[in-house]
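Everything on this sheet refers to the single structure shown next.
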Amino acid sequence: MTVESLLRFVIVLAFICCHRPSAWLVSPQPEPSRPVLSGSPRAAPRSRLDSETVGRREPAVVAGRLRSMRMLTVAASLIVFAGACGEVGEPAVPSAEGDPAVEQITSTTLSPISSALPPGSPIPVVTTPGLPMPPVLIRFEGTDTVLSVWSSCWRSGNVSRCGDGSPPVVPPDIGNPAEIEVVFETPGWRFSATAVPSGESCGGRSQSMDLPATGPTTHRLLPIGTAGDYTITLNGRSTDAATNPGDLATTFRWHTTKDGPNEAPSATVSIVPSKPGDRLSFAGELSARALGISTRPDGVKASAMITSSTGASMTVEFHPHPGLECVPEGSLSYRTDAEVGRQMASLGPPPFRYEVSLLLDSVPYLGTATWPDDEMSECSPCTRLRFNPPLPAL
């Protein structure tokens with residue numbers, strides 16, 4: 001090989017190095033993936049150049065005694081032109097300073113729900129501009145206590161995050177304050193509380209109450225039912241006026257010293273008519289809460305007559321929901337044996353009138369409603385029933 005040929009070869013190498021991306025020379029080795037939330041840009045992965053791969057892809061047209069000379073020349077050329085081309089295999093990465101897209105990736109904040117997730121769960125991360133969910137505080141006797149949230153969904157901007165867990169086996173005990181103020185520093189949310197006698201999570205009588213608002217971000221919790229030792233579960237949910245939609249649940253233990261109001265008894269029926277062409281047909285469900293009477297299965301009978309707008313009707317029977325072992329005393333969770341949705345649709349178009357016959361401890365109660373007129377917006381297709389005589393209260 002002449003000197004002129006060797007110089008020409010070096011010039012070609014320099015041109016390739018400076019004007020072709022490193023990914024053309026070597027297949028990049030992507031760095032491990034990182035969680036990126038919906039709506040967040042992903043930084044371009046860096047490529048790594050493996051020296052072994054470079055050796056394998058080195059041109060192999062040199063033979064004989066000139067092989068050593070050429071290898072030395074190529075190595076020297078790469079060294080000389082490294083400064084002009086930049087570091088081999090490490091394309092320039094934009095600095096985070098002054099670049100909003102890069103700053104969005106590199107600035108992260110841990111979500112407060114992470115402390116309440118089961119051991120071993122991935123820690124949720126929220127990237128700016130998404131703001132983390134504020135803590136849930138309970139305020140009493142001049143002190144603020146932060147509660148661990150064990151289930152939540154939260155959206156801020158275009159960032160959403162959900163985490164589901166289970167109530168703590170041993171909830172925090174807050175003692176016996178007379179009343180509690182619930183503080184959640186974001187407007188447009190409402191709260192309710194469910195009280196179950198402590199130690200009776202399976203089958204214990206439960207009562208729920210909506211919490212009255214005392215300000216844009218505060219609600220008041222008063223004792224529920226007879227004074228005693230209760231496990232309280234707070235449920236928060238956003239309204240249409242909320243800036244940050246979502247929901248949450250948190251639990252604590254409270255020893256109440258005064259009696260509070262009892263939850264009023266209520267019952268709903270849920271039946272979804274199958275649309276023409278639907279492959280699915282759902283069973284009907286009957287639910288009741290806070291009944292002031294025993295709800296043992298041997299003392300309950302339930303059925304319903306369903307009438308369409310055409311006047312055609314059918315009757316269905318309800319039975320205890322199979323597989324549910326922990327139904328609170330005073331509550332019902334019944335369903336039809338058959339998937340009645342398709343049968344219901346065959347009666348004709350809505351509205352449908354429900355007439356529910358409920359026998360409790362040998363006393364008959366008749367509940368009526370019209371679907372979809374009486375459907376509950378927060379529990380579609382739950383339809384609230386009106387009873388005559390009124391259901392027995394606590």
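Where a number appears in this text, it was derived from the coordinates with a stated rule and is not lab data. Computed from a predicted model, the values in this text were never measured in an experiment. Cβ atoms come from the backbone with ideal geometry, glycine included; neighbour counts cover every protein chain shown.
Could you tell me how many cubic angstrom of Cα convex hull volume segment 188-340 has per residue?
176
Between Ser362 and Glu179, what is the label-to-label distance in nm when each label sits 7 Å out along the Cα-to-Cβ direction?
About 4.4 nm, to one decimal.
Using Cα centres only, tell me the gap between segment 150-206 and segment 295-335 in whole Å.
Rounded to whole Å, the Cα centres lie 30 Å apart.
Could you list Glu263, Glu185 in order of exposure, starting from the residue whose Cβ has the fewest other Cβ atoms within 10 Å?
Glu185, Glu263
In vacuum, with every alpha carbon of segment 162-204 counted as one equal point scatterer, what does the Debye formula give for log10 I(q)/I(0) at q = 0.20, 0.25 Å⁻¹? Two decimals, please.
Summing over Cα pairs of segment 162-204 leads to -1.06, -1.27.
Hey, for a label at Ser313 modelled as a point 7 Å past Cα toward Cβ, could you say which residues of segment 324-366 have their backbone N under 11 Å away?
353-356
Non-local amide H neighbours of Cys382 (under 5 Å, H modeled in plane, Pro and chain starts lacking H): which ones?
Met376
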